Amino acid sequence: MTVPTYPVETTTPPPVSTAARAQLLHGGSVEQYRRTIADGVDRVARRVATVDRPGTGITPDELAPLVDRVDLDRPLGDSRAALDELEDVYLRDAVWFHHPRYLAHLNCPVAIPALLGEAVLTAVNSSLDTWDQSAGATLIERRLIDWTAERIGLGPVADGIFTSGGSQSNLQALLLAREEACAEAIGPAARAELLPRLRVLTSAAGHFSVQKSAKLLGLAPDAVIAVPTDARRRIRPAAVREEIARCRQAGLVVMAVVATAGTTDFGSIDPLTDLAGICAAVDVWLHVDAAYGCGLLVSPTRRHLLDGIERADSVTVDFHKSFFQPVSSSALLVRDRRTLRHATYHADYLNPARMVEQRIPNQVDKSLQTTRRFDALKLWLTLRVLGPDSIGALFDEVVDRAADAWQLVSEDPRFEVVTRSELSTVVFRYLPTGPGRKLADAANLHAREALAASGLAVVAGTRVDGQHFLKFTLLNPATTVDDVGHVLDLIASHAGRYVHDNVAADLTCPVG
């Protein structure tokens, strides 16, 4: 039988131009690299030097057409032209966290040594999965993990890994807790029977990533139990003890208790020592989500607020919240390094098992990620330039400023304020009087939106007991009490005008 043959179409790829090669970093392009990076830094520096408000208030509908009309198939061929375009689609309308009237989310102004680290790590482009891709970077990250574990007080066999953020750290912590809870479930059948019975207890004020993690880990839809809080929005230890007993009586297995050291809304810190005692007595994994509150680890005056964290089985820290680091710079720490084996898989092309015997340190053995940036360098350079005491003093400043802001709001008859934070948030709302009281929710929503549209300040919003509140999150030592007072006046002006207009409309509206 004759096998038919067909003509093969061949195409010759276009030649790579000298100009294109010059855009790759190598020994022959370092001058191009210097000029290009310097130009970009200069553009940002000019913006930072002249910005007079945290944002422009641009809307998605206004900005999207500018981005959509960019033809990505037609390159500009010149980095300066690209930066000119970037001014229009990004820099002009960027949100500037360094501005003292950005008071919304857990975004901090960043330390210059960390920006130096960012420039270095992106150019070298180390990947922190294996030694042969990172060398010294692996050892720097490990040293920072050891330093953080020492600050927490986790003990001599602690370990950890840098992560993309608090949500990933919480996910990995609960993965380890799940696997430890399943350790005695031998065989697929036993494991399948146990998984639907696993439960996680966390604060009603805790982070939503706990619920998301439970879903990703294949736990039951009702696996996460929100435990009530006290008047200071801290989890109630007695309620945790009662819930553990109730679960056991119902044939359920509490695989972890998640405590929070700095809730996103209220900055509250759960009673860590009490929770550690409860968990130790019943052999339940204790995870502390200190993504926000980890700045207290270097505080000269407030380290005691984290007492008890040293007894946790795992701890989440976000250096990009309270250590003034650029996103991302986070880590998960564990008391017992052996528990990290639950995240370990060996691939012949990457980290074969024999490397363990050869004592070659491969960070991928501990991580949920494979390719991973050298984000630890940013913290390393910040510590080497500033030192931990200076970082802690800066964080103390924002906590002090939040206490001043809480006092200011609590004494202002235009507002009502929720519990005083142990960290740097203030949850409050404009409270109309008389017939306008029923418009409180709408007035606060309107005030936040109007403030954002003006670009003069940015504040956050949340719900407390079903009602709409506003929130200051202070992470900038440059923010003053005068800044806070000015923003309060803007909020009251927007909300008061909304209430006045709508009450007046109701009064003039004809009946029937």
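Tell me, yes or no, whether region 270-280 has at least one residue that is open to solvent by 60 Å² or more (accessible area, probe 1.4 Å) and not small (Gly, Ala, Ser). Spell out how you get there, then give the answer.
We begin by selecting, within region 270-280, every residue open to solvent by 60 Å² or more (accessible area, probe 1.4 Å); these are 273-274, 280.
From the residues that got through so far, the ones that are not small (Gly, Ala, Ser) too are 273-274.
The answer is yes, given that some residue of region 270-280 is open to solvent by 60 Å² or more (accessible area, probe 1.4 Å) and not small (Gly, Ala, Ser).
Is it the case, given these coordinates, that Asp465 is surrounded by fewer than 18 Cβ atoms within 10 Å (Cβ to Cβ) and either charged (D, E, K, R) or within 30 Å of Gly392 (Cα to Cα) (or both)? Write out each step before concluding.
Values: surrounded by fewer than 18 Cβ atoms within 10 Å (Cβ to Cβ): yes; either charged (D, E, K, R) or within 30 Å of Gly392 (Cα to Cα) (or both): yes.
Criteria met by Asp465.
Restricting to region 416-432, name every residue that is without any contact (Cβ under 8 Å) to a residue 40 or more places away in the chain and either among the small types (Gly, Ala, Ser) or part of a strand (DSSP E or B) (or both).
Passing the criteria: Glu416, Val417.
May I ask you to list the residues in region 210-223 that are under 21 Å from the mean Cα position of the chain (by Cα) and surrounded by fewer than 22 Cβ atoms within 10 Å (Cβ to Cβ)? Don't jump to the end; show me each part of the working.
Taking region 210-223 first, the residues under 21 Å from the mean Cα position of the chain (by Cα) are 210-217.
Those that are under 21 Å from the mean Cα position of the chain (by Cα) and surrounded by fewer than 22 Cβ atoms within 10 Å (Cβ to Cβ): Gln211, Lys212, Lys215, Leu216, Leu217.
Any idea how many residues of region 435-469 are touching a residue at least 12 places away in the same chain (Cβ under 8 Å) and either in a strand (DSSP E or B) or not hydrophobic (A, V, I, L, M, F, W, C) (or both)? Walk me through how you get there before you give the answer.
Step one: of region 435-469, the residues touching a residue at least 12 places away in the same chain (Cβ under 8 Å) are 435-436, 439-448, 450-462, 464, 467-469.
From the residues that got through so far, the ones that are either in a strand (DSSP E or B) or not hydrophobic (A, V, I, L, M, F, W, C) (or both) too are 435-436, 441, 444, 446, 448, 454-455, 458-462, 464, 467-469.
Here the count works out to 17.
Restricting attention to region 470-487, does a residue exist that is touching a Phe, Trp or Tyr at 6+ places or on another chain (Cβ under 7 Å), open to solvent by less than 60 Å² (accessible area, probe 1.4 Å) and assigned to a strand (DSSP E or B)?
yes
Quick one: how many residues across region 376-408 are over 15 Å from Thr425 (Cβ atoms) and touching a strand residue (DSSP E or B) at 6+ places or on another chain (Cβ under 6 Å)?
Of the residues in that region, 1 qualify.
Is it the case that Arg234 is modelled with pLDDT of 95 or more, out of contact with any His (no Cβ under 8 Å at 6 or more places or on another chain) and exposed (fewer than 15 other Cβ atoms within 10 Å of the Cβ)? If you could, list the steps in order and put the result at the bottom.
On the way: modelled with pLDDT of 95 or more: yes; out of contact with any His (no Cβ under 8 Å at 6 or more places or on another chain): yes; exposed (fewer than 15 other Cβ atoms within 10 Å of the Cβ): no.
Here the answer is no, as Arg234 does not meet what is asked.
What residue, among those in region 250-265 that are open to solvent by 10 Å² or more (accessible area, probe 1.4 Å) and closer than 21 Å to Cys182 by Cβ, is nearest to the chain's Cα centre (by Cα)?
Just the residues of region 250-265 that are open to solvent by 10 Å² or more (accessible area, probe 1.4 Å), to begin with: 250-254, 264-265.
In the following step, the residues that additionally are closer than 21 Å to Cys182 by Cβ were identified as 250-254.
Working: Ala250: 36, Gly251: 35, Leu252: 31, Val253: 29, Val254: 26 Å.
My answer is Val254.
Please find, within region 37-77, the residue that is farthest from Trp96 (Cα to Cα) out of those that are assigned to a loop (DSSP other than H, G, I, E, B) and in contact with an Asp or Glu (Cβ under 9 Å, 6 or more places away or on another chain).
Filtering region 37-77 for residues assigned to a loop (DSSP other than H, G, I, E, B) gives 51-59, 69-77.
Of the ones still in play, those that are also in contact with an Asp or Glu (Cβ under 9 Å, 6 or more places away or on another chain) are 55-58, 70, 76.
Values: Gly55: 6, Thr56: 10, Gly57: 12, Ile58: 13, Val70: 24, Leu76: 27 Å.
Among those residues, the one meeting the criterion is Leu76.
Taking the stated definitions as given, is Trp147 open to solvent by 10 Å² or more (accessible area, probe 1.4 Å), at pLDDT 95 or above and among the aromatic types (Phe, Trp, Tyr)?
Working: open to solvent by 10 Å² or more (accessible area, probe 1.4 Å): yes; at pLDDT 95 or above: yes; among the aromatic types (Phe, Trp, Tyr): yes.
Here the answer is yes, as Trp147 does meet what is asked.
Given region 238-335, what strands (runs of 3 or more DSSP E) lie entirely inside it while holding 1 or more residues that are in contact with a Gly (Cβ under 6 Å, 6 or more places away or on another chain) and closer than 28 Å to Ala460 by Cβ?
253-260, 314-318, 330-334
State all residues of region 323-370 that are farther than 24 Å from Glu179 by Cα, among the hydroxyl-bearing types (Ser, Thr, Tyr) and open to solvent by 20 Å² or more (accessible area, probe 1.4 Å); if no residue qualifies, say none.
Ser328, Tyr349
Tally up the residues in region 51-93 that are over 25 Å from the mean Cα position of the chain (by Cα) and open to solvent by 100 Å² or more (accessible area, probe 1.4 Å), please.
Final tally of qualifying residues: 10.
Residue by residue, here is whether (1) in a loop (DSSP other than H, G, I, E, B); (2) under 19 Å from Asp283 (Cβ atoms); (3) touching a residue at least 40 places away in the same chain (Cβ under 8 Å) holds:
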| site | (1), (2), (3) |
| --- | --- |
| Ala149 | no, no, yes |
| Leu154 | yes, yes, yes |
| Phe162 | no, no, yes |
| Asn170 | no, no, yes |
| Leu175 | no, yes, yes |
| Glu180 | no, yes, yes |
| Ala189 | no, no, no |
| Leu201 | no, yes, yes |
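The values are calculated or read from the model by the stated rules, or taken from the named source; none is laboratory data. As the structure is a computational prediction, the values presented were derived from the model and not from experiment. Note: ideal-geometry Cβ built from the backbone for every residue, glycine included; neighbour counts use all protein chains shown. The protein model used for the area step is the full one, side chains on, heavy atoms only, and it has no ligands, DNA or RNA in it. Shrake-Rupley method; radii C 1.70, N 1.55, O 1.52, S 1.80 Å.
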